[in-house]
Amino acid sequence: MSILLHRLDQASSLDLSPFQPFVFGPRSVEHYATLTQGVVAGQNANRQSSSKLSPHETVVALLDRKKVLKTAVEGDLAVDCDLEDVESCLVPVSPAFYDPRFLTPLLSSYMSQDKPRLSLRPLMNSNLLSVPLSLLASRHKSSRLTAFALLIHFRRTIAETSLKDRDLWTKFVDVLAASVGDLSERIPRVVACFLALSASVLADPTHFMHRPIAKFLFLKPELDLRNIPEFYRLFDSPDLNHFQQRSWILFVLKVGLRDATDYQCLLRRDLLKLLLVFFCSPAAKESEKIVILKILENLTLDSTVGQNLLHERGLLSWLIELIPVPGNAKMSSVNQLRSILSVGGNLWRMVFHEEEPEKRKKKPLALNFLLDFDLFCRRICATQDSLLTAEVFLDVLRLLAQVRRALRDRLPQWATVELDSVEQEQLLRRTCTFVFAASARHQSVVQELLDLVNGDFKGLPLERQRALRDLKDVIDSDDSLGRR
């Protein structure tokens, strides 16, 4: 909306300058009520001169600094910040984030205020500087050039102030400028996220990462934009708060690793091996394991990266070894099992070409991968009861059904292969347990569980299938059973 009003102001004779910058949200009602009273009374100039905050400072004060930082490190970089492109202005942005096409003009207009009134402290505290830093990883050249222009403007503006941390901020921008050869060059997203989060840290001297980041900036004349800055120093920090520093750099990887360019940064210094080995070590905490699995989940969404992880890095075999077998519990978290299933599901969808059946016919799946996926699903089905929920069990049954169908297409004789007796009992017991434990709102889950077991698993004996069909009929005829 702010973009459309901006274009309307430029294209028409309407003077919207008294109402700029535009404010939205619940607090905008009070803002514009006060502003309108001053305009109607003809006292807009006097009101602004006597106000404690300028209009730009008022808007910045209304921003949620956590949401601004979330926009910078987790937002959609596919948005083009070129306001002259009508089509790009109409691309919607998730309500969970601010629109960078609103934040970048706000940042520019804020720094363009009269110098006597200009105060950069609210700007830095709002995390707005993280936005142009994250846009350095945008695929749109116009967005990257806009980001560099804003950073240069900030460098010149802060050099004229008397802030105590002025030298730190100028050094921050100078190090970045010395690291970039071509201003239109796209830097990896993971590096951009490191810079965006570092800017947020520098704005808060009480932050536990303030000293490591400041020390890093003053020691390094420039950055290697092909590597993840300070990874080893923060991951294996000798400081007392080393757990916090490790969690911080792992968070940078979680939000920053997205595509093949980021993946190359991970491989360049053998960081992938380090993460996989650390995951299996006793030193890894549960929260750190979840973050590492989330990193793998994000990476496997990219087909190029996923192919490399599957065929050259043996990721599926590594995942299978993480799943606890009966009598040998290796994990104690439902979230961990769910994340493992998500990573395996991403790998399956990548190689199975679910939405491209013609491509699947031309290049059938290798038998060893099908057998590995089959083992992966059966391992999860057989894991301990405390780790399985009805939804997780249903997800793995869906995946196992697809793998079994692919095996039958690849090997017709596979249709006659039966599950062993232990798997038969386990599958039947688990299905019955979740059927009886499901509440009324999970009836769709119950229905699909029964349909999958009855229709897709040919290895289940006929008497077992009849028993499940009878169970289904009982549930269909007695709704109170599902509620119990």
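The values are calculated or read from the model by the stated rules, or taken from the named source; none is laboratory data. Note that the structure is predicted; figures quoted are calculated from it, not measured. Every residue, glycine as well, gets a Cβ built from its backbone with ideal geometry; the counts of neighbours run over all protein chains shown. Areas reflect the complete protein model, heavy atoms only, side chains present, ligands, DNA and RNA absent. Shrake-Rupley method; radii C 1.70, N 1.55, O 1.52, S 1.80 Å.
Within 14 Å of Cys81 (Cβ to Cβ), open to solvent by 10 Å² or more (accessible area, probe 1.4 Å) and out of contact with any helix residue (DSSP H, G or I) (no Cβ under 6 Å at 6 or more places or on another chain): does that describe Arg121? No. Kindly check whether there is at least one residue in the range 123-130 that is farther than 24 Å from Asp259 by Cβ, of a type in the set (Gly, Ala, Ser) and outside any helix (DSSP H, G or I). Yes, the range 123-130 contains at least one residue that is farther than 24 Å from Asp259 by Cβ, of a type in the set (Gly, Ala, Ser) and outside any helix (DSSP H, G or I). Considering the range 258-276, the residues that are of a type in the set (A, V, I, L, M) and within 19 Å of the chain's Cα centre (by Cα) include one that is surrounded by the most Cβ atoms within 10 Å (Cβ to Cβ), namely Leu266.
When Ala199, Ala159, Ala149 are screened for being open to solvent by less than 40 Å² (accessible area, probe 1.4 Å) and either of a type in the set (A, V, I, L, M, F, W, C) or out of contact with any strand residue (DSSP E or B) (no Cβ under 9 Å at 6 or more places or on another chain) (or both), only Ala199 passes.
What single numbered condition from (1) farther than 26 Å from Leu168 by Cβ; (2) open to solvent by less than 50 Å² (accessible area, probe 1.4 Å); (3) touching a residue at least 40 places away in the same chain (Cβ under 8 Å) fails to hold for Leu135? In the conditions (1) farther than 26 Å from Leu168 by Cβ; (2) open to solvent by less than 50 Å² (accessible area, probe 1.4 Å); (3) touching a residue at least 40 places away in the same chain (Cβ under 8 Å), Leu135 misses (1) alone. Counting the residues of the range 323-335 that are surrounded by fewer than 20 Cβ atoms within 10 Å (Cβ to Cβ) and modelled with pLDDT of 75 or more gives 4. Going by what's in this entry, would Val190 be described as touching a Cys at 6+ places or on another chain (Cβ under 9 Å) and at pLDDT 90 or above? For Val190, the condition - touching a Cys at 6+ places or on another chain (Cβ under 9 Å) and at pLDDT 90 or above - is met.
The set of residues in the range 209-243 that are under 21 Å from Lys289 (Cα atoms), in contact (Cβ under 8 Å) with a residue 40 or more places away in the chain and not in a helix (DSSP H, G or I) contains only Ile228.
Scanning for something open to solvent by 10 Å² or more (accessible area, probe 1.4 Å), touching a Leu at 6+ places or on another chain (Cβ under 8 Å) and either hydrophobic (A, V, I, L, M, F, W, C) or over 23 Å from Lys215 (Cα atoms) (or both), does the range 164-172 turn up at least one residue? Taking every residue of the range 164-172 in turn, at least one turns out to be open to solvent by 10 Å² or more (accessible area, probe 1.4 Å), touching a Leu at 6+ places or on another chain (Cβ under 8 Å) and either hydrophobic (A, V, I, L, M, F, W, C) or over 23 Å from Lys215 (Cα atoms) (or both). Of all residues in the range 244-266, those that are over 16 Å from Gly306 (Cα atoms) have Cβ atoms under 7 Å from Cβ atoms of residues that are open to solvent by 10 Å² or more (accessible area, probe 1.4 Å) and acidic (Asp, Glu), 6 or more apart or on another chain, in Gln245/Asp239; Val255/Glu74. For the range 138-169, which positions are in contact (Cβ under 8 Å) with a residue 60 or more places away in the chain and basic (Lys, Arg)? Selection gives Arg139 alone. Of all residues in the range 96-118, none satisfies the criterion of being in contact with a Lys or Arg (Cβ under 9 Å, 6 or more places away or on another chain) and buried (at least 24 other Cβ atoms within 10 Å of the Cβ).
For the range 197-208, the criterion of being modelled with pLDDT under 90, part of a loop (DSSP other than H, G, I, E, B) and not hydrophobic (A, V, I, L, M, F, W, C) is satisfied by no residue at all. Residues that are modelled with pLDDT under 80, assigned to a helix (DSSP H, G or I) and not aliphatic (A, V, I, L, M) within the range 371-388 comprise Cys381, Asp385, Ser386, listed in sequence order. Among the residues making up the range 209-221, those that are open to solvent by 20 Å² or more (accessible area, probe 1.4 Å) and either at pLDDT below 90 or of a type in the set (Ser, Thr, Tyr) (or both) are Phe218, Leu219, Lys220, Pro221.
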